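The structure under discussion appears below in the form of structure tokens.
The values are calculated or read from the model by the stated rules, or taken from the named source; none is laboratory data. Every value quoted in this text rests on a predicted model; they were computed, and no experiment measured them. Because the Cβ atoms are built from the backbone with ideal geometry, glycine has one as well, and the counts that use them run over all protein chains shown. Please note that ligands, DNA and RNA were not included when accessible areas were found on the heavy atoms of the full protein model with its side chains. Shrake-Rupley method; radii C 1.70, N 1.55, O 1.52, S 1.80 Å.
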Amino acid sequence: MEDCRVATIFNADFQHLLMSNEKVVRQIIQVLCARLRQVWSQVQELSHSSADDRIRAGILQLSRKHGVQDARGIIINLKITHQELAELVGTSRETVTRCLARLQRRGIIQLEHRRIILLKPMELLPAS
């Protein structure tokens, strides 16, 4: 979904790096803690939300990570399929398609060339 670099490091070299560099250990712990918090949040959302709520939350999450502001609203600068969004939020592609169609009819989002444009992002937030 996005560019990255991949490297291989031998276990012995990794162990040596860990044991000799406190800064590296701290950074790894910070990354692991952030990932754990994110997964915990996702587990809570998946277990306590309806499919529509999870789809809305997934769209908001994508907009925070890949969103670009323009005159119409926030463009999620990521060509994502309905299937990929369904896998992200733990539901079926058909459910995503129906939910996106409802959001589009209500003028909350616009679908354009496999991109989602948030016209009214605040309306994606759960009702308090």
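I need the full set of residues from segment 1-58 which are in contact (Cβ under 8 Å) with a residue 24 or more places away in the chain and hydrophobic (A, V, I, L, M, F, W, C), in order please.
Met1, Leu46, Ala51, Ile55, Ala57
Among Ile80, Ile9, which is exposed (fewer than 14 other Cβ atoms within 10 Å of the Cβ) and outside any helix (DSSP H, G or I)?
Ile9 is the lone residue from the list that is exposed (fewer than 14 other Cβ atoms within 10 Å of the Cβ) and outside any helix (DSSP H, G or I).
Among the listed residues Gly67, Gly58, Gly73, Gly107, which satisfies the condition of being at positive phi and crowded, with 16+ Cβ neighbours inside 10 Å?
Gly73
Can you tell which of Thr91, Thr95 is among the hydroxyl-bearing types (Ser, Thr, Tyr), crowded, with 16+ Cβ neighbours inside 10 Å and modelled with pLDDT of 95 or more?
Only one candidate passes the filter, namely Thr95.
Identify, by number, the condition in (1) open to solvent by less than 50 Å² (accessible area, probe 1.4 Å); (2) out of contact with any Leu (no Cβ under 9 Å at 6 or more places or on another chain); (3) over 23 Å from Glu2 (Cβ atoms) that Ala86 doesn't meet.
Going through the list (1) open to solvent by less than 50 Å² (accessible area, probe 1.4 Å); (2) out of contact with any Leu (no Cβ under 9 Å at 6 or more places or on another chain); (3) over 23 Å from Glu2 (Cβ atoms), Ala86 breaks only (3).
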